[in-house]
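**Q** Structure below; questions to follow.
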Amino acid sequence: MTRMTPIFPAHGLQVSIEREEVRFSSGDTECAAWHYPGTNGACVIMAGGFAVTKGPGTDLFAGRFHAAGFTVLAFDYRHLGDSGGQPRQIQRIREQIADWQAAIAFAPTLPGVDPTRVAVWGFSLSGGHVLRIAARNPQVAAAIAQTPNADGPAATRNAARHQKPLAMLRFTGRAVLDGLGSLVGRQPLLVPLAGEPGTVALLTTPDALDGGSTLDPDNRYPDWQQEVAARSALRVGLYRPGRYASRVRCPLLVLVCDQDQSALAAPAVRAATRAPHGELVRMPGGHYEPFLGGHEQATEAELSFLGRHLLDPVGEASLPSGRHQRGT
């Protein structure tokens with residue numbers, strides 16, 4: 001059922017938008033999504049970061065895209081939020097890639113969507129997924145990777161510098177124990193998404209601590225469970241989606257924050273430069289700066305990119321291979 005939902009970002013803006021709940025099949029269950037009907041024929045598919053549901057992970061940007069006329073499909077991965085899948089709070093890269101594939105197949109069936117003008121958007125881990133998804137789906141017209149985790153091993157090494165050795169050992173032991181427990185059907189052992197150094201948490205980097213208060217500043221999303229199965233971290237630490245950047249044939253915008261301590265700027269910059277039609281926007285700040293004081297700059301860059309490549313065929317045709325835009 002369609003309903004009017006006001007969005008109250010922490011930037012003094014009030015945007016009233018219309019969206020409806022939809023579901024699409026993925027694997028042996030369904031993914032839940034918000035469908036924002038647009039007016040210009042183009043569609044942006046969106047997903048939140050690691051264990052971040054569609055509300056706190058996409059609302060702020062989805063509202064702005066929708067206000068500009070774009071149809072938006074913002075979805076929860078399996079095992080998370082309103083989507084199906086048991087057990088809960090499990091984040092499996094293989095399944096998330098399959099969820100993206102299902103969303104890309106579903107989006108063109110939405111009313112008024114031109115199947116040749118579908119873009120993908122993700123931040124953090126989902127920003128990394130965007131690189132992989134755009135590389136394997138030539139029908140995708142444009143892609144936006146916002147503060148993407150392009151190199152899991154590099155991000156893991158950096159995170160270790162912000163954690164105490166004993167806590168790191170305890171976290172690793174919990175992750176391994178959780179993984180072994182999954183083999184015999186035990187319920188996941190959960191860890192917080194962020195915590196102070198010395199605590200057993202997924203991330204203890206300085207900007208990771210800002211995640212909860214930034215994405216949910218007024219507790220608008222009380223159902224967002226800011227925990228994840230410890231086993232989920234094991235594969236993420238080995239994940240390197242930046243290596244797919246050279247295979248991305250559509251226009252790709254990579255938005256990087258230079259002081260990002262959670263996903264790291266350097267691997268994302270390298271991904272942008274390797275993409276044949278990569279565009280790079282750099283801005284100061286940490287991992288969540290696009291949701292904070294840098295929101296207007298980030299939104300303007302992304303809307304400009306979407307307009308040029310989804311709405312303006314002349315602008316798209318005139319983009320030379322290897323062109324990069326850099327913002328400060």
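The values are calculated or read from the model by the stated rules, or taken from the named source; none is laboratory data. Since this is a predicted model, take the numbers as computed values, not measurements. With ideal geometry, Cβ positions are generated from the backbone for all residues, glycine too; neighbour counts draw on all protein chains shown. When the accessible area is computed, the model is the full protein with side chains, heavy atoms only, and any ligands, DNA or RNA have been set aside. Shrake-Rupley method; radii C 1.70, N 1.55, O 1.52, S 1.80 Å.
**Q** So what is the calculated 222 nm ellipticity per residue for the chain, using -39500 (n - 2.57) for each DSSP H run with n of 4 or more, over all residues, to the nearest 500 deg cm²/dmol?
**A** Per the formula, -9500 deg cm²/dmol.
**Q** Report the residue, chosen from Gly198, Gly38, Gly81, that carries the largest GNM mean-square fluctuation when the chain is represented by alpha-carbon nodes joined by springs under 10 Å.
**A** With Cα springs under 10 Å in the chain, the top fluctuation among Gly198, Gly38, Gly81 is at Gly198.
**Q** Related question: Looking at the chain as a GNM with Cα springs under 10 Å, which of Ser26, Ser182, Ser246 has the largest mean-square fluctuation?
**A** The residue with the greatest mean-square fluctuation here is Ser182.
**Q** Ordered by residue, what ³J(HN,Hα) values in Hz, to whole numbers, does segment 193-203 give under the Karplus form 6.51 cos²θ - 1.76 cosθ + 1.60, where θ = phi - 60° and Gly and Pro are x?
**A** After applying 6.51 cos²θ - 1.76 cosθ + 1.60, I find 5, 8, x, 6, x, x, 9, 7, 8, 4, 9 Hz.
**Q** Separate question: Suppose R0 equals 41 Å. What FRET efficiency, 1/(1 + (r/R0)^6) with r the Cβ-Cβ distance, do Thr172 and Ala98 give to the nearest 0.05?
**A** Step by step, r from the Cβ atoms, then E = 0.90.
**Q** Okay, next question. For Rg/Rh (Cα atoms, Kirkwood Rh), one of (1) 1.17; (2) 0.98; (3) 0.94 was computed from the structure I shared and the rest are decoys. Which label?
**A** (3)
**Q** Return the loop-located trypsin sites (Lys or Arg not before Pro) in segment 112-179 (DSSP other than H, G, I, E, B) with at most 12 other Cβ atoms within 10 Å of their own Cβ; answer none if there are none.
**A** Answer by residue number: Arg161.
**Q** Continuing with this model, one more query. Averaged over every viewing direction, what's the projected area of the C-alpha convex hull for segment 178-232? Give it in nm², one decimal, please.
**A** Seen from a random direction, the Cα hull of segment 178-232 projects 4.4 nm² on average.
**Q** Still on this model: Could you compute the net charge surrounding Gln259? Neighbours are other residues with a C-beta less than 10 Å from the C-beta of Gln259; K and R count +1, D and E count -1.
**A** Overall, the nearby charge balance is -4.
**Q** List every residue whose amide H lies under 5 Å from the amide H of Val44, counting only residues 5 or more places away in sequence or on a different chain, with H placed 1.01 Å from N in the peptide plane.
**A** Hits under the 5 Å cutoff: Thr71, Val72, Leu73, Ala119.
**Q** Can you list the residues, at least 5 places off or on another chain, whose amide H is less than 5 Å from the amide H of Asn149, using H built in the peptide plane?
**A** Ser124, Leu125, Gly127, Gly128
**Q** Tell me, what is the per residue accessible area of segment 37-136 in Å², probe radius 1.4 Å?
**A** 25 Å²
**Q** Could you go through segment 127-132 in sequence order and give the Karplus-derived ³J(HN,Hα) for each residue, using 6.51 cos²θ - 1.76 cosθ + 1.60 with θ = phi - 60°, rounded to whole Hz, and x for Gly and Pro?
**A** Each residue's phi maps through the Karplus curve to give x, x, 4, 4, 4, 5 Hz.
**Q** Given C-alpha coordinates of segment 99-164, what is the ratio Rg to Rh with the Kirkwood estimate of Rh?
**A** Checking Rg against Rh, the ratio lands at 1.14.
**Q** Further question: What full-extension length gain, to one decimal in nm, is calculated for Glu296 and Leu238 as 0.36 nm per residue of separation minus the Cα-Cα distance?
**A** 17.6 nm
**Q** Report the residue, chosen from Phe291, Phe106, Phe50, that carries the largest GNM mean-square fluctuation when the chain is represented by alpha-carbon nodes joined by springs under 10 Å.
**A** With Cα springs under 10 Å in the chain, the top fluctuation among Phe291, Phe106, Phe50 is at Phe106.
**Q** Right, here's the next one. Step through the residues of segment 252-262 one at a time and calculate ³J(HN,Hα) from phi using the Karplus curve (6.51 cos²θ - 1.76 cosθ + 1.60, θ = phi - 60°), rounding each to whole Hz and writing x for Gly and Pro.
**A** 10, 9, 10, 9, 10, 9, 5, 9, 5, 9, 9
**Q** Carbon and sulfur atoms: what percent of the 1.4 Å accessible area of the chain do they account for?
**A** 53 percent
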